[in-house]
1. Regarding region 1-155, what whole-number volume in Å³ per residue does the convex hull of its Cα atoms give?
2. Provide the solvent-accessible area of His145, counting protein heavy atoms only and rolling a 1.4 Å probe, rounded to the nearest 10 Å².
3. Sorted by packing (mean other beta-carbon atoms within 10 Å per residue), highest first, where do 233-240, 282-289, 186-193 land?
4. Ordering Ser98, Ser243, Ser123 by how much accessible area each has at a 1.4 Å probe, largest first, what is the list?
5. Roughly how much of Val151 is accessible, in Å² to the nearest 10, using a 1.4 Å probe?
6. When you count, for each residue, the other Cβ atoms within 10 Å and take the mean per peptide, how do 40-47, 176-183 rank with the highest first?
7. Extension gain Thr265-Thr138, at 0.36 nm per residue separation less the Cα-Cα distance, in nm?
8. Kindly sort Leu292, Leu34, Leu18 by accessible area of their heavy atoms, largest first, with the probe set to 1.4 Å.
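The values are calculated or read from the model by the stated rules, or taken from the named source; none is laboratory data. Predicted model only: the values in this text are computed from it and were never measured. Positions of Cβ are generated from backbone atoms using ideal geometry, with glycine treated the same way; all protein chains shown enter the neighbour counts. Heavy atoms of the whole protein, side chains included, go into the accessibility calculation; ligands, DNA and RNA do not. Shrake-Rupley method; radii C 1.70, N 1.55, O 1.52, S 1.80 Å.
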Amino acid sequence: MWHELVRLNFVRICYPCLMVFGTVGNILCLIILLRKRFRLQSTCQYLCVLAVIDILFIYTRSTRYLYRYIYNADLRNTSLWICRSLMFLSSTLSHLASWILVIVSFDRYFMIKNLFARRHIKSRVIQSTCILIFIVYTVNLHYFHILGIHVTIQSPIVHINNNILNETSHTITRFVCTPLPSFKTFFQLYVSIFDLLFVAIIPFCLMMFTNIGIICTIMRTNRLCATSREQQQNNRLTVMLLSVTLAFMLLTCPSVIYICLNRLTSSKTAVSNRRLLILDLLEALWYTKHALNFILYTLSGQDFRQEFMKLFPCSRQKTTNISMDQQRNRNNRLNIAINIYVDNTTLVNQRLLDNRKKLFNKEDNDVSIIIISKTSKIETPV
């Protein structure tokens, strides 16, 4: 039917593109976020962890669909070890991808509120990440105990002997990656509800709470006082984080909710071809979110774009020329300040300096003030 044809072509085109684009994009995110400009920020360190999780998630999930397209079989049904390992990794990585965003959102909120010290950023990131991995690893260990059964199939064999048909049966034992009979209800009901809550709903609510707090705090701070250069950089970093969490809410949450609800109802009713097509589309939408972070960072982060452009030699040469021009302008301004006659008095020198400022239309802080006279000492700017 046309459903099967669409699903087949979709798997053939979508998942290889996701693997290539997701791998390249997340590696670029790692390279840029580990540069000197970003690596001292706790938010960027968490986003580096997220990039590694996204790469593993894309490969773990997409490999099964590519194997089904190439060999027309489910990779999980090849052996007991592959079945349990793939299910464990898929569940663990999906939980980690959701909860690392929750942690970085809370970390950003506490940093904006000045509740975290900036001296122990590295140790805080390592400790929180290790604790998260240990908890998620522990709660998903049940996959190594409830999955994998061997099914016995009676296969008929027809023999023709002297134009006489003789039918015999042959017993075939095959491995199927399904829950054990004693854990079937547990897997279809409780595991589905657990994934629904801890992959989508609870992270969604926590991220909504922290993002609203972050936005309100930034708006209040910008309204009360003038933004400094460091604060502007922090605001741009916050926009990058908000874009990732928004993508999670729009792409991951609807897909996970539908998939888990379908798992709850699939045991009661037969799954139609149309529903299978919708499931494939939503799963691809879910996986796409893990490959989009590079685009989100590039569109929402001005500093990220600048560091990305520095990776290219032509842009690096242009940046060097701009820096040299800025340094030359500083030297010119210093020469303007020093180029005052020594024989003049301090008052005359001050008037000349004011005229120089007006001539070049500079602010007071942009010109180094050095007053030279016969009786005064040279005062260098601090």
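1. Hull volume normalised by residue count: 142 Å³.
2. Approximately 120 Å² for this residue.
3. So the peptides 233-240, 282-289, 186-193, ranked by packing, come out 282-289, 233-240, 186-193.
4. Order by accessible area, largest first: Ser123, Ser243, Ser98.
5. Counting only protein heavy atoms, Val151 exposes about 50 Å² to solvent.
6. Ranked from most to least packed, the peptides come out as 40-47, 176-183.
7. Fully extending the segment from Thr265 to Thr138 adds 43.0 nm.
8. These residues rank, largest area first, as Leu34, Leu292, Leu18.
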